[in-house]
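Chemist: Quick one: this structure, given as structure tokens, is what I'll be asking you about.
The values are calculated or read from the model by the stated rules, or taken from the named source; none is laboratory data. Being a predicted model, the structure only gives us computed values, none of them experimental. Every residue, glycine among them, receives a Cβ derived from its backbone with ideal geometry; neighbour counts consider all protein chains shown.
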Amino acid sequence: NQLGVVAVGFNGGQCKLGVEAAPMALIEAGLLTQLKDDLDYEIHHDDTVHFYENLIPAEDPDHRGMKKPRAVSAVTERLSQQVYEHAREGKFVLTLGGDHSIAIGTVSGTAKAIRERLGREMAVIWVDAHADLNTPEMSPSGNIHGMPMAFLTRLAREDRRDIFGWLQDEHTINLRKLVYIGLRDVDRGEKQLLREHGIKAFSMHDVDRYGIGKVVEMALAHIGNDTPIHLSFDVDGLDPQWAPSTGTPVRGGLTLREGDFICECVHETGNLIAMDLVEVNPSLESLGASETIRAGCSLVRSALGDTLL
Ligand code: ARG
Ligand code: MN
Ligand code: MN
Ligand code: MN
């Protein structure tokens, strides 16, 4: 069991400080030790939290309303390469963020590796309160952590090389291979895109109506049972009761048990090739930070095969 780990201390996709400290907090809580000792993974990690200081430009004016576009572009371009290098060797890639803008790097890296190794289009399961599907023009905030899926599916594109123009077709995700779970704060323009393109999305309303078991079954049925899966888990998909320390909390979310259940089921398919855990911010709601970190560790362990008899 080969596991490539990338620790990404990046906060430039949104405006709150603290999310860059999450990888260290998760590692200090013992996450990697548990994966090695309890779950028998052989861990490939450079023992570094990457802050990519030398990639962050001094001048980074807004572009099409996007905040810090060059910084996010440069960091995700580098991260894409790091993830690709693990994935092309067939290792499972675990990325610890960081805000959700880093998914532009992780998903593009695995998508390219899977195309090369298997000649296949990979699927993405995006567990989140938010769809993160805003185009720059639609975004209410200009924060790029609300846009990664738009760039990854080519709903948004930009030709400037230093502002995501490095994304090639090989990095992209087919809209039919994207599934959301946990949505409950979706912006107007995003709703329109979901409808217009028939994107598969299970909101909290669906979780309440069908139960988490049926929702995961339908999500996996949509993907099909022989498709490599990248799981991008935003900790704000969980209810703030379980994960209060996050930049954009929304009440009415998944219980920790429902989150773990999603991860366990995706693991059980045998098709999971990568996971991101993002948006843990230990400096927000500091009383809840250790709980949020523990929840994050639990989700990762579940996705990597813990708790199954
Ligand atoms: N939809 C809002 C926006 O675009 C919030 C996005 C929150 N994204 C996240 N990864 N937490 O600004
Ligand atoms: Mn979110
Ligand atoms: Mn909103
Ligand atoms: Mn997100």
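Chemist: Filtering segment 149-178 down to residues that are assigned to a loop (DSSP other than H, G, I, E, B) and under 12 Å from PRO69 (Cβ atoms), which residue is farthest from ligand 1 (Cβ to nearest atom)?
Modeler: ARG160
One line per residue, one yes/no per condition, for (1) surrounded by fewer than 16 Cβ atoms within 10 Å (Cβ to Cβ); (2) at pLDDT 95 or above; (3) not aliphatic (A, V, I, L, M):
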| residue | (1), (2), (3) |
| --- | --- |
| GLY4 | no, yes, yes |
| PHE10 | no, yes, yes |
| GLN14 | no, yes, yes |
| TYR41 | no, yes, yes |
| ASP47 | yes, yes, yes |
| ARG64 | yes, yes, yes |
| LYS68 | no, yes, yes |
| ALA71 | no, yes, no |
| GLY105 | no, yes, yes |
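Chemist: Report, ordered by the first and then the second residue, all pairs with beta carbons closer than 7 Å, sequence separation of six or more or different chains, a first member in segment 276-289 that is within 19 Å of CYS15 (Cα to Cα), and a second member that is in a loop (DSSP other than H, G, I, E, B) and more than 16 Å from ligand 2 (Cβ to nearest atom).
Modeler: From residues that are within 19 Å of CYS15 (Cα to Cα), the pairs are SER283/LEU17; ALA289/PRO282.
Chemist: Another one. May I ask you to list the residues in segment 104-148 that are within 15 Å of ligand 4 (Cβ to nearest atom), in contact with a His (Cβ under 8 Å, 6 or more places away or on another chain) and not in a loop (DSSP other than H, G, I, E, B)?
Modeler: THR106, VAL107, VAL124, ILE125, HIS145, GLY146, PRO148
Chemist: Taking segment 22-57, which residues are of a type in the set (Asp, Glu) and under 17 Å from ALA295 (Cβ atoms)?
Modeler: Step one: of segment 22-57, the residues of a type in the set (Asp, Glu) are 28, 37-38, 40, 42, 46-47, 53.
Residue satisfying the conditions is GLU28 alone.
Chemist: A further question follows. May I ask you to list the residues in segment 53-84 that are in a loop (DSSP other than H, G, I, E, B) and more than 19 Å from GLY165 (Cα to Cα)?
Modeler: Selection gives ALA58 alone.
Chemist: Is there any pair with a first residue in segment 235-253 that is in a loop (DSSP other than H, G, I, E, B) and a second that is more than 16 Å from ligand 3 (Cβ to nearest atom) and modelled with pLDDT under 95 whose Cβ atoms are under 6 Å apart and which are 6 or more apart or on different chains, and what are they?
Modeler: Every condition considered, the pairs that remain are PRO244/GLU285; SER245/GLU285.
Chemist: Which one is nearest to ligand 4 (Cβ to nearest atom), of the residues in segment 85-103 that are part of a loop (DSSP other than H, G, I, E, B) and acidic (Asp, Glu)?
Modeler: Per the criteria, the residue is ASP99.
Chemist: Please find, within segment 230-252, the residue that is farthest from GLU279 (Cα to Cα) out of those that are within 15 Å of ligand 3 (Cβ to nearest atom) and of a type in the set (S, T, N, Q).
Modeler: THR248
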